[in-house]
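Heads up, the thing below is written out as structure tokens.
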Amino acid sequence: MPEIPDVEAFKNYADTTSLNQKIESVSVSVRKVLKDISAEDLEDELVGKSFVSTRRYGKYLFLKIQSNGWLAMHFGMTGKLKYFRNSDEKPYYGRIIFHFENGYHLAFVTQRMLARLSLTSDPDEYIKNKNIGPDALEVDRDTFIQKFKEKHGSLKSALMEQELVSGIGNVYSDEILYQMKINPKAKVEDLDEPHLEELYNKTHDILATAIKHQSGNDGLPDYFLLSHRKKGENCPSNNGKIATMKVAGRTSYYCPACQG
């Protein structure tokens, strides 16, 4: 599932391809992807207008509509954006396509149809109504530490809980745990305040580094677990082999030698 670094990449992609272009029409091939709006009303809201700016919050991307609210995108498990011109470039799973007057198109792509698209007049109100916690990259240190102090149970599960902090999923929770050398089954209540402060620092640094490297198209650093995230492969520290286990119903990748 796209997480903060991925959605930040989608934001940058939209910024560089799709802003300030008048929308000529909107095609909806799968209405299930729409949330609380019909295909006809979506087109009525957008035709003749442009996307003028973007905002990311957690796993959500908001596109500001010229003089009229925001388009809210959640990418589900497999969602992404694709900007194209020629019909032979049209993505197979492009469920919603925005057609611009300049002859280009922006597709909202989702294979498994778990992604959702809706309209909102206010992203802050939208976030509040969904009970989404503070963005994991923007939350301040004290708030982060206090929220985790109040949690019990699996640390991995807590990192993925969007009501606690938003934007981290299965992949980057594994990365955070690996770089902290903590076992995926560790309990959040076992972390004292210095470890919670380290957790905050690692979380911020990992997400910021991932965004920086993805924007430069040079891949993630070799010391990231994500660069080796395959069962049986050597871990980045060459201390052991990467293994998997089930935690909170998700498959976690980790190094038993490094993480106990």
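The values are calculated or read from the model by the stated rules, or taken from the named source; none is laboratory data. Every value quoted in this text rests on a predicted model; they were computed, and no experiment measured them. FYI the Cβ positions are ideal-geometry reconstructions off the backbone, even for glycines, and counts take in every protein chain you see. For accessibility, only protein heavy atoms count, side chains too; no ligands or nucleic acids. Shrake-Rupley method; radii C 1.70, N 1.55, O 1.52, S 1.80 Å.
The figures follow:
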| quantity | calculated |
| --- | --- |
| Within the range 57-69, considering residues that are open to solvent by less than 10 Å² (accessible area, probe 1.4 Å) and assigned to a strand (DSSP E or B), the one farthest from Leu159 (Cα to Cα) | Ile65 |
| Filtered residue count, the range 247-260, keeping only those that are loosely packed, with under 15 Cβ neighbours inside 10 Å and either touching a Ser or Thr at 6+ places or on another chain (Cβ under 7 Å) or in a loop (DSSP other than H, G, I, E, B) (or both) | 3 |
| Scan of the range 237-246 for residues that are part of a loop (DSSP other than H, G, I, E, B) and open to solvent by less than 30 Å² (accessible area, probe 1.4 Å), ordered by number | Gly240, Ile242 |
| Subset of the range 6-33 that is among the acidic types (Asp, Glu), out of contact with any helix residue (DSSP H, G or I) (no Cβ under 7 Å at 6 or more places or on another chain) and in contact (Cβ under 8 Å) with a residue 40 or more places away in the chain - its residue that is least open to solvent (accessible area, probe 1.4 Å) | Asp6 |
| Close pairs (7 angstrom Cβ cut-off, 6 or more residues apart or separate chains): in a helix (DSSP H, G or I) in the range 109-136, open to solvent by 10 Å² or more (accessible area, probe 1.4 Å) anywhere | Pro123/Arg55; Pro123/Tyr57; Pro123/Trp70; Tyr126/Thr120; Ile127/Tyr57 |
| Qualifying positions in the range 72-87 - closer than 25 Å to Tyr172 by Cβ and in a strand (DSSP E or B) | Ala72, Met73, His74, Lys80, Leu81, Lys82 |
| Matching entry among Tyr92, Tyr104, Tyr60 (being touching a residue at least 60 places away in the same chain (Cβ under 8 Å), over 16 Å from Met1 (Cα atoms) and of a type in the set (Phe, Trp, Tyr)) | Tyr104 |
| Qualifying residue in the range 40-56 (condition: more than 17 Å from Ile96 (Cα to Cα), part of a loop (DSSP other than H, G, I, E, B), modelled with pLDDT of 95 or more and under 24 Å from the mean Cα position of the chain (by Cα)) | no |
| Number of the exception - Thr78 against (1) closer than 29 Å to Asn131 by Cβ; (2) open to solvent by 60 Å² or more (accessible area, probe 1.4 Å); (3) at pLDDT below 95 | (2) |
| Filter result (out of contact with any Leu (no Cβ under 6 Å at 6 or more places or on another chain), open to solvent by 30 Å² or more (accessible area, probe 1.4 Å) and assigned to a helix (DSSP H, G or I)) within the range 142-159 | Asp142, Thr143, Gln146, Lys149, Ser157 |
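The rows are residues; the columns are (1) of a type outside the set (A, V, I, L, M, F, W, C); (2) exposed (fewer than 15 other Cβ atoms within 10 Å of the Cβ).
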site	(1), (2)
Lys35	yes, yes
Glu43	yes, no
Phe51	no, no
Leu71	no, no
